[in-house]
1. For the stretch 70-82, check the following and say yes or no: at least one residue is in contact with a Pro (Cβ under 6 Å, 6 or more places away or on another chain), under 18 Å from Glu20 (Cβ atoms), surrounded by 10 or more Cβ atoms within 10 Å (Cβ to Cβ) and of a type outside the set (Val, Ile, Thr).
2. Within the set of pairs 6 or more residues apart or between chains, which connect a residue that is modelled with pLDDT of 75 or more inside the stretch 69-93 to a residue that is open to solvent by 80 Å² or more (accessible area, probe 1.4 Å) and not in a helix (DSSP H, G or I) with Cβ atoms less than 8 Å apart?
3. Looking only at the stretch 44-67, count how many residues are out of contact with any helix residue (DSSP H, G or I) (no Cβ under 9 Å at 6 or more places or on another chain), modelled with pLDDT under 90 and basic (Lys, Arg).
4. In this structure, does Leu41 turn out to be under 15 Å from the mean Cα position of the chain (by Cα), surrounded by fewer than 12 Cβ atoms within 10 Å (Cβ to Cβ) and modelled with pLDDT of 90 or more?
Amino acid sequence: MTGHQPDQALGGYAVRATPESGDKVTRFSPFSAQAEAGNVLVLRGPWNEAWFSSPEGFPEAARDDDADSTSRAFNALLLPQPTTSTTTVTGLI
């Protein structure tokens, strides 16, 4: 995707691009700590072997996309989620 904006390269998909802060190791640390403590569950699938082996070379590996996306997703889940509410509307039918 070099030279492209994420919304151009991923046309048709919902994309949210935000700047990263801190280095890769710092961003990966919360996920790594929780995984080492046994607090991470992974859905079994054909992608497991590749995904589990990809962080082995992190952060020196030439390809660290899985570690980056994993840490970004994990850290996003740690953010407070917006609260929602529902309202009942009567008399429309």
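1. As a first pass, look at the stretch 70-82 and keep what is in contact with a Pro (Cβ under 6 Å, 6 or more places away or on another chain): none.
No, that holds for no residue.
2. Arg72/Glu20
3. 0
4. Details: under 15 Å from the mean Cα position of the chain (by Cα): yes; surrounded by fewer than 12 Cβ atoms within 10 Å (Cβ to Cβ): yes; modelled with pLDDT of 90 or more: yes.
When the stated conditions are applied, Leu41 passes them.
The values are calculated or read from the model by the stated rules, or taken from the named source; none is laboratory data. For clarity, every value in this text was computed on a predicted model and none was experimentally measured. Methodologically, a virtual Cβ is constructed for each residue, glycine included, from the backbone with ideal geometry; neighbour enumeration extends over all protein chains shown. Remember, those area values only see protein heavy atoms, side chains included, never the ligands or the DNA or RNA. Shrake-Rupley method; radii C 1.70, N 1.55, O 1.52, S 1.80 Å.
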